[in-house]
Amino acid sequence: MRTEYSTRPREQITALLRKERRYLSAAEIYALLRKSRSKVALSTVYRTLGLLETKREVSQRVDEHGESTYVSCAPTHHHHAICRKCGKVEEVACEAMESFAGELRTHHGFELDDHAMEFFGRCAACK
Ligand SMILES: [Zn+2]
Ligand SMILES: [Zn+2]
Ligand SMILES: [Zn+2]
């Protein structure tokens, strides 16, 4: 028996998310994979996304309908600027946060050890 697709599900899903650069639900990923003739099962998509999330290769956010969506992520610390129109996710650096952390320490004696932020607006193509 010959397998049509030699690439493994994990590679297919990673490649798809890197190409799309927007938050997609497991069902959307599954539909896009089927369109490109992949035979990956929906349960495999869910399992693989869980694995990639554990390895911090994707990040998850719950959308306005309460559905989990996923985007591929660089290994270094960054934030997401999300386009409201096309959904494109831009990875942005956060130097400004560094000085804010200093301010928190000076004025409130608060030691910041983690933070998460999202920015919403229009990307360069959608302005
Ligand atoms: Zn990211
Ligand atoms: Zn856009
Ligand atoms: Zn940051």
Report task. Go through L32, L24, L51 for me and flag whichever is outside the structural domain of R122 (by TED's automatic domain parsing) and within 25 Å of D114 (Cβ to Cβ). Result -> L51
Requested in this report: Give the residues of the range 71-81 that are open to solvent by 20 Å² or more (accessible area, probe 1.4 Å) and either basic (K, R) or away from ligand 2 (no atom under 14 Å from the Cβ) (or both), sorted by residue number.
Outcome: C73, A74, P75, T76, H77, H78
Requested in this report: Take the residues in the range 82-97 that are over 27 Å from R47 (Cα atoms) and more than 10 Å from ligand 2 (Cβ to nearest atom), then tell me which one is surrounded by the fewest Cβ atoms within 10 Å (Cβ to Cβ).
Outcome: E95
Query raised in the report: Can you find even one residue in the range 37-51 that is touching a Phe, Trp or Tyr at 6+ places or on another chain (Cβ under 8 Å), more than 16 Å from ligand 1 (Cβ to nearest atom), open to solvent by less than 20 Å² (accessible area, probe 1.4 Å) and not small (G, A, S)?
Result: yes
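Would you kindly identify the helices (runs of 4 or more DSSP H) lying entirely within the range 21-127 that contain at least 2 residues that are within 15 Å of the chain's Cα centre (by Cα)?
Working: elements: 26-35, 42-54, 95-108.
Those helices (runs of 4 or more DSSP H) span 26-35, 42-54.
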Query raised in the report: K127 versus (1) free of Cβ contacts under 8 Å to residues at least 12 places away in the same chain; (2) in the same structural domain as T7 (by TED's automatic domain parsing); (3) among the basic types (K, R): which is the lone unmet condition?
Result: (2)
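For the range 98-124, name all the residues that are more than 16 Å from ligand 1 (Cβ to nearest atom) and either open to solvent by 100 Å² or more (accessible area, probe 1.4 Å) or not assigned by TED's automatic domain parsing to the domain that holds C86 (or both).
Here is the first cut: in the range 98-124, the residues more than 16 Å from ligand 1 (Cβ to nearest atom) are 98-113, 121-122, 124.
Matches in the range 98-124: E98, R105, T106, H107, H108, F110, E111, D113, R122.
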Report summary line: Selection from the range 52-67 of residues touching a residue at least 24 places away in the same chain (Cβ under 8 Å) and either exposed (fewer than 15 other Cβ atoms within 10 Å of the Cβ) or within 11 Å of P9 (Cβ to Cβ) (or both) yields L52, D63, E67
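The values are calculated or read from the model by the stated rules, or taken from the named source; none is laboratory data. The model shown is predicted, which means the values in this text are computed figures rather than measured ones. Methodologically, a virtual Cβ is constructed for each residue, glycine included, from the backbone with ideal geometry; neighbour enumeration extends over all protein chains shown. Ligands, DNA and RNA are stripped out before the accessible areas are found, and what is left, the full protein with its side chains, is counted by its heavy atoms. Shrake-Rupley method; radii C 1.70, N 1.55, O 1.52, S 1.80 Å.
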